[in-house]
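Novice: Structure in structure tokens, see below.
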Amino acid sequence: MSNLRRDVGTILMIGYEGPEQPVLDALADGRAGGVILFSRNVESARQVRALTRRLRAAAGRAIPIGIDQEGGRVARLDRAGLPAGPTARAIAAGGDPDAAYRWGLATGRFLKDLGIDLNFAPVLDVDTNPANPIIGDRAYGRTPDVVTAFAAQAIRGLHAAGVTACGKHFPGHGDTELDSHLALPTVRHPADRLERVELAPYAALMPILKTIMTAHVVYPAWDPHQPATFSHEILTGLLKHKMGFEGVVISDDLEMAAVAQNHTPPERAVKAILAGADMLLICRQRPVWENAFEGILAAAKNDGILARRVADAANRVRRVFGTPLNPI
């Protein structure tokens, strides 16, 4: 297997519905480097443990297996015995950030026992817009200070359990009025307001964040033409260079309508990689992740800049997910 082919596979995290064999095959021949699980993949705790063992055995190497287990309305493991539990807003309502640590530790231990080592939580969005249809009670609060205080403890709890936390949705999805699963939102605040509110939790938590998920949202103050997931100015210029993030930048699902409507799977994938994404989430359809893999590989063979970006992304993925967590 060529280094380029190996690296392209390393940066794809895939989800599935239906039979798992195509996923096992993709892991075995290096066309995927991680798996995200959903409620549709969960039947019981015993079944999930067996599934994660099969996935890692097929890969023959360390791979991240992730899930969205935020609590509240974003929870996937009720059939495995983990109730949804409180929302982030409800945890923060008690005023004790240690409650977020206890949530992170308990959730992380449950995930780790199932063989899941990446949780796409906590939400770092600041809940500043009551009309927001997608964030709301998924956020810890309406101010950056509250979000930072509680998210910090949630991250520490997850990490103490050996599960990598993922802060989302960079640079901030809290003040949108559209759901990016369905359409492309825009946040029109000036840069100074974005830095003071939306970016503040990320800036404060940068020393402990290992992974960050992008937002499929346009921020004209930084880039009037592309959503953050496709924006070099935001993912590379702002997050990696200005803010100094050295971990793994993970795209939100590239099948979501906000980014899928006007681009083929290979186009979405290449745009996200060149923007600065290090791992690409493609959460459901086998043809989409297969086309993305082949499209990235073909494009990178003829584009040295893309090939180097793929190699850098793969190195970041291997560094973060191949190194045991030290509790912080």
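We did not get these values from a lab; they are worked out from the coordinates using the rules stated. Keep in mind that this is a model prediction, so the values were computed, not measured. Virtual Cβ from ideal backbone geometry, glycine too; neighbours counted across all protein chains shown.
Novice: In 10 Å bins starting at zero, report the fraction of Cα pairs in segment 10-73 per bin as a rounded %.
Specialist: 21, 58, 19, 2
Novice: Show me 289-295, 300-306 ranked by packing, highest mean number of other Cβ atoms within 10 Å first.
Specialist: Details: 289-295: 20.9, 300-306: 13.1.
In descending order of packing, they fall as 289-295, 300-306.
Novice: For 170, 230, what's the fewest-to-most ordering of other Cβ within 10 Å of each Cβ? Before the final figure, lay out the partial values.
Specialist: Numbers: 170 29, 230 26.
Ordered by Cβ neighbours within 10 Å, fewest first: 230, 170.
Novice: Need one number: convex hull volume per residue for segment 34-118, Cα atoms only, in Å³.
Specialist: 80
Novice: On the Cα set of the chain, report Rg and Dmax in Å, please.
Specialist: Gyration radius and largest Cα-Cα distance of the chain: 18.2, 55 Å.
Novice: For the chain, what does the relative contact order come out to in percent, with C-alpha contacts under 8 Å and a separation of six or more?
Specialist: 18
Novice: Here is a further query. Compare the Cα positions of 26, 130, 74 along the charge dipole of the chain (+1 at Cβ of Lys, Arg; -1 at Cβ of Asp, Glu; about the Cα centre) and return the one farthest towards the positive end.
Specialist: 26
Novice: Are there trypsin sites (Lys or Arg not before Pro) in segment 186-295 that DSSP marks as loop and that have at most 16 other Cβ atoms within 10 Å, and which are they?
Specialist: Working: sites: 188, 193, 196, 210, 240, 242, 268, 271, 284; in loops: 188, 210, 284.
Within segment 186-295, the qualifying trypsin sites (Lys or Arg not before Pro) (loop, at most 16 other Cβ atoms within 10 Å) are 188, 284.
Novice: Please arrange 107, 186 by how many other C-beta atoms lie within 10 Å of their C-beta, fewest to most. Write down the numbers at each step before the final one.
Specialist: Numbers: 107 24, 186 13.
By the 10 Å Cβ count, ascending, the order reads 186, 107.
Novice: Could you tell me the ratio Rg/Rh of segment 100-178? Both radii from Cα atoms, Rh via Kirkwood.
Specialist: 1.02
Novice: What fraction of the Cα pairs in segment 213-300, stated in percent, has a spacing above 20 angstrom?
Specialist: Beyond 20 Å sits 29 percent of the P(r) for segment 213-300.
Novice: Okay, next question. From the cross-link list 112/242; 168/301; 210/301; 168/271; 242/301; 112/240, which pairs have alpha carbons spaced over 22 Å apart?
Specialist: Checking Cα-Cα distances, 112/242; 168/301; 210/301; 242/301; 112/240 exceed 22 Å.
Novice: Ranked by Cβ crowding within 10 angstrom, fewest neighbours first, how are 251, 39, 2, 180 ordered?
Specialist: Fewest-to-most ranking of 251, 39, 2, 180: 2, 39, 180, 251.
Novice: Regarding segment 122-234, what's the average projected area of the Cα-atom convex hull, expressed in nm²?
Specialist: Mean shadow area of the hull around the Cα atoms is 6.6 nm².
Novice: About the Cα centre of segment 1-141, how large is the charge dipole given +1 on each Lys and Arg Cβ and -1 on each Asp and Glu Cβ? Please answer in debye to the nearest 20.
Specialist: Roughly 520 debye, rounded to the nearest 20.
Novice: As a check on your grasp of the helix formula, calculate [θ] at 222 nm for the chain: sum -39500 (n - 2.57) over DSSP H runs of n ≥ 4, divide by the residue count, round to the nearest 500.
Specialist: Helix-only estimate at 222 nm: -12000 deg cm²/dmol.
Novice: How many nm is it between the label spots at residue 183 and residue 113, if each spot is 7 Å from the Cα in line with the beta carbon?
Specialist: With each label placed 7 Å out from Cα toward Cβ, I get 4.3 nm.
Novice: Suppose every Lys and Arg Cβ carries +1 and every Asp and Glu Cβ carries -1, with no other charges. What dipole size does the chain come out with about its Cα centre, to the nearest 20 debye?
Specialist: The dipole of the chain has a size of about 980 debye.
Novice: Here is a further query. Amide H of residue 169 versus every other amide H placed in the peptide plane: which residues, excluding those fewer than 5 positions away on the same chain, fall under 5 Å?
Specialist: 124, 125
Novice: Name the residue from 154, 116, 230 whose Cα lies farthest towards the positive end of the charge dipole of the chain, charges +1 on Cβ of Lys and Arg and -1 on Cβ of Asp and Glu.
Specialist: 116
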